[in-house]
Amino acid sequence: MYSALSMIARALAQGMALTGGIILLLVVGMTFVSIIGRVLVPLDIGLGPIRGIYDITEIGIAAAIFAFLPWCQLQRGHATVDLFKPAFPNVMNRVIDVIMDAGMLTAAALIAWRLFLGMQDKLRYGETTLIAQLPVWQGYAAALVGAVVFALVAAFCVIRSLRALARSESLGEPQ
């Protein structure tokens, strides 16, 4: 059972990270095209900047950031303070890992919940971005996908930490 959960969490996290990378590359490409278009405006050859590139960049970068969070959580890549960790016995460090993973699960679930409520609010009122007039709820929805996967992966990480504590194993470096 644990092995299946581990494979699912890894696949979800990797899929989201790859999706985030693709989104990031698309945003960079669109920004490049928009800058070239802006440079070509004086030549009057029909090309110009992409209308609403700031709005598109803002939504794309937010979606990419949320897409990277599950992989970061799975790999224990979030910032930690390990100042006293060498002084504590291994069992205490495993207890701290469980507490930290539970805290990240709480934060991830709270973020996903608030993004969902924000998305509903933006959808209800039909709010759009200033320049491109894109529906704002779509940006919330894109971020919400990453936040939900982040919460699922964080839940797996709690299970992983509890398993390590019960088996008296050190989590060490992620695989």
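Read-outs: derived from the displayed coordinates by stated rules, not from any lab. Quick caveat: nothing in here was measured; it's all calculated off a predicted structure. Note that we place each Cβ from the backbone using ideal geometry, even for glycine, and neighbour counts take in every protein chain shown.
For ILE50, the residues whose amide H sits under 5 Å from its own are SER34, ignoring neighbours fewer than 5 places away on the same chain, with H placed 1.01 Å from N. Using Rg/Rh (Cα atoms, Kirkwood Rh) as the read-out, say which of [x] 1.29; [y] 0.93; [z] 1.12 was calculated from these coordinates. Label [z] holds the value from this structure. Where in the range 62-77 is the amide nitrogen less than 20 Å from a point lying 7 Å along the Cα-to-Cβ axis of VAL145? Flagged as within label range: 62-74.
Taking 0.36 nm per residue of separation and subtracting the Cα-Cα distance, full extension of the segment from LEU83 to SER3 would add 25.6 nm.
Would you mind getting me the FRET efficiency between ILE45 and THR128? Use the beta-carbon distance for r and R0 = 25 Å, nearest 0.05.
0.25
Can you tell me the 0 to 90 degree angle between the C-alpha axis of helix 90-125 and the longest principal axis of the chain, rounded to 10? Rounded to the nearest ten degrees, it is 30. Put simply, the amide H of THR128, placed in the peptide plane, has neighbours under 5 Å in VAL136, leaving out anything fewer than 5 places away on its chain.
Taking other Cβ atoms within 10 Å as a rough exposure proxy, ILE65, ILE45, ILE22 sort from fewest to most as ILE45, ILE22, ILE65. Normalised by the number of residues in the range 2-166, the mean separation of alpha-carbon contacts (under 8 Å, six or more apart) gives a relative contact order of 31 percent.
Show me the chymotrypsin sites (Phe, Trp or Tyr not before Pro) within the range 1-92 that DSSP assigns to loop and that have at most 12 other Cβ atoms within 10 Å of their Cβ.
Passing sites in the range 1-92 are PHE84.
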